[in-house]
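Have a look at the structure below before the remarks.
The values are calculated or read from the model by the stated rules, or taken from the named source; none is laboratory data. Since this is a predicted model, take the numbers as computed values, not measurements. Every residue, glycine as well, gets a Cβ built from its backbone with ideal geometry; the counts of neighbours run over all protein chains shown. When the accessible area is computed, the model is the full protein with side chains, heavy atoms only, and any ligands, DNA or RNA have been set aside. Shrake-Rupley method; radii C 1.70, N 1.55, O 1.52, S 1.80 Å.
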Amino acid sequence: MTHISARIDFSDPQDSAAPRLRHAFGAPRAVLVAHEVAEVRPLLDAVQAAARQGSWCVGYLRYEAAPAFDAALAVQAPAGPLAWFAVHDDALPWPEDASASTETARVRWLETCPRPAFDAALQQIQRAIAAGELYQVNFTAPLLGAWQETPEEGAAQALFAALQRAQPGGYAAFIDTGGTGDGQLLSVSPELFFDWRDGQILARPMKGTAARGATPGMDAAQSAALRASPKERAENVMIVDLLRNDISRIAEPFSVRVPRLFHTEALPSVWQMTSDVQASVRAGTTLADVFAALFPCGSITGAPKVRAMQMIRQLEAAPRGVYCGAIGVVRPDKSGHGINATFNVPIRTVTVQAGGLRCGIGSGITSDAAPDAEWQEWRQKRQFLERASMPFDLLETLALEGGQLRHAAGHLQRLAGAAAHFGYAWDAAKVQNCLHELAQAHPQGLWRVRLLLDAQGKPRAEAFAMEPSPAQVRLQLAGRPLEETHGEFVRFKTTQRAHYDAFTPTEPGVFDTVLYNAEGEITECTRGNVALLINGRWVTPPLACGLLPGVGRALALREGRLAEAVVRLQDLPRVQGWAFVNSLRGWIGVEMVGVG
């Protein structure tokens, strides 16, 4: 039989303090595959029987398996098996070297839903909502990936490890079907579909999203705003009501309850809101019955489910596949006579097949969903992919003058914060020693120091001869907004700078570009912060506009030379003066090109 391997790394949804369910699996004893709708329920019966006899069953259902449980659930024609499970005699220990792997796999991702098509889909959904056809639709589109270089053996495992570093926790699974199913599945989903054990079932739908804040205070405010948002709460409670109704089909009378509502969970790039729906399951309920009641999860369909899925089939050109289906493990319970079943909702999930990669992104569309906000939410949700798909170092740029590093404490504090955010190893003494050795080697002159820190926490520093800063530089205004202004590669300084490089000036004599966000708010330059003189007062945009917390900027704020204020494009005629500010160059006067 073709070698097939799998790994699961699941949180315990019943007890956050309990050890994670982390296991690896070798070649299975059997593989169960359903290609036709009529085969899905018998397959789940076989999975349950195998688990009751002591086996561990790891596998998935595609989104397109839904008609196996209700013919009214509309889907696209499937492009692979509807359900797939490997049956294992034993669960092996999690290979710690897999989690510690720091190998990288470079992948370039392309959108398949451009902004005009996205806006048109939202308009169509909102017309249907206004007509009273439904309340919410979860609209999605795939990102298509291509390896940047010929992938070596183990590239998918390396990408999975990188995805886990980018999206830690949750319900992660790696499944290699060995050519018998959907290739290799790399899921780092934060969303629980259901956990069924000891006669109890728990579902934890995830609905409601907000960007992470640039500072601890702003981050806490983002979480509080998400919990308080009427739009996000309405979106969440719609799906909670749908799940309550679904679970009631298999629940003991009057046992369905919602013990936790509107709970916010911090993920690296976004806040997500979840709620818990629990019930006591009726005696005699089978695994197939559970799926018949709940599948697909309402959080990735909308409400009502039947009409929402009809609209999804109309709007989405291709089948979703395992994305938005279910990935999980069914195992014997402690008594050896029953089963435990835990499944995720496969969001944040990559499929690797036939040399190509695919990852779906989506959001719930309601009557008051704003296109710009939803588009930004899609960009925020895909950040875990960008972080995992292109290796990068953390970066600080300092001035070294006469053997003394300028503002080193501020740079090291910012670097430590970035290391904590991205999960990079951090040893302050090692970084300080690296800088000390570089400074000793360059006791005279003016130098630009480039300090890098890789994922393993290894620092390296380089020095480049630097001319004194000019009294004035020329800046230009960007011709379009920077869409990534609220992303982590703006809030933290790294070698991942493609979004900035796209704004590099091409006109001779222009030093840098002044950027602005989608709301038309001035943010920063590509290599430093910006200051503007308005009504006789020097101001700089606040971090909430989306910019790097520059060390030079922070110093000017502490000294009272600068104050924070939002400056919009329409305010530019009132600007009396400009300055470029960073720790390396200091405060430099500016001549703006084409702005008057």
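Could you pull out the residue among Glu488, Glu467 that is under 26 Å from Trp375 (Cα atoms) and touching a residue at least 12 places away in the same chain (Cβ under 8 Å)?
Glu488
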Please go through segment 563-596 and pick out each residue that is buried (at least 20 other Cβ atoms within 10 Å of the Cβ), touching a Lys or Arg at 6+ places or on another chain (Cβ under 9 Å) and assigned to a strand (DSSP E or B).
Phe580, Val581, Asn582, Val590
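Filter segment 344-389 down to the residues that are among the basic types (Lys, Arg) and modelled with pLDDT under 95, then identify the one that is farthest from Gly321 (Cα to Cα).
Within segment 344-389, the subset among the basic types (Lys, Arg) is 348, 358, 379, 381-382, 387.
Subset that is modelled with pLDDT under 95: 379, 381-382, 387.
Working: Arg379: 21, Lys381: 19, Arg382: 18, Arg387: 24 Å.
Of everything passing the filter in segment 344-389, Arg387 is farthest from Gly321 (Cα to Cα).
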So which strands (runs of 3 or more DSSP E) are wholly in segment 90-192 and hold at least 3 residues that are under 27 Å from Arg20 (Cβ atoms), at pLDDT 90 or above and of a type outside the set (D, E, K, R)?
171-176, 184-189
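Kindly provide the set of residues from segment 549-562 that are open to solvent by less than 30 Å² (accessible area, probe 1.4 Å) and either over 12 Å from His411 (Cβ atoms) or of a type in the set (A, V, I, L, M) (or both), ordered by number.
We begin by selecting, within segment 549-562, every residue open to solvent by less than 30 Å² (accessible area, probe 1.4 Å); these are 550-553, 556, 562.
Listed by number, the residues that qualify are Val551, Arg553, Ala556, Leu562.
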Quick one: would you say Asp195 is part of a strand (DSSP E or B), of a type in the set (Asp, Glu) and either crowded, with 22+ Cβ neighbours inside 10 Å or more than 23 Å from the chain's Cα centre (by Cα) (or both)?
yes
Given the criterion at pLDDT below 95 and at negative phi, identify the matching residue among Ala292, Ala279, Ala266.
Ala266
Those residues of segment 355-370 that are touching a residue at least 60 places away in the same chain (Cβ under 8 Å), more than 14 Å from Leu315 (Cα to Cα) and either of a type in the set (Gly, Ala, Ser) or out of contact with any Phe, Trp or Tyr (no Cβ under 9 Å at 6 or more places or on another chain) (or both) come to a total of 6
Assuming Leu385 fulfils every condition listed in (1) surrounded by 17 or more Cβ atoms within 10 Å (Cβ to Cβ); (2) farther than 30 Å from Gly362 by Cβ apart from one, which condition is it?
(2)
Could you check segment 129-166 and list, in sequence order, the residues that are closer than 13 Å to Ser389 by Cα, touching a Gly at 6+ places or on another chain (Cβ under 9 Å) and open to solvent by 60 Å² or more (accessible area, probe 1.4 Å)?
Leu144, Pro151, Arg165
Considering residues of segment 211-264 that are open to solvent by less than 30 Å² (accessible area, probe 1.4 Å) and of a type in the set (Val, Ile, Thr) only, the residue farthest from Thr523 (Cα to Cα):
Ile250
Within segment 311-358, tally of residues that are in contact with a Gly (Cβ under 7 Å, 6 or more places away or on another chain), open to solvent by less than 10 Å² (accessible area, probe 1.4 Å) and not β-branched (Val, Ile, Thr):
7
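Quickly run through segment 330-383 and pick out the residues that are under 21 Å from Thr485 (Cβ atoms) and part of a loop (DSSP other than H, G, I, E, B). Don't jump to the end; show me each part of the working.
Step one: list which residues in segment 330-383 are under 21 Å from Thr485 (Cβ atoms), which gives 361, 363, 369-383.
Once the filter is applied, which keeps residues that are under 21 Å from Thr485 (Cβ atoms) and part of a loop (DSSP other than H, G, I, E, B), segment 330-383 yields Ala369, Ala370, Arg382.
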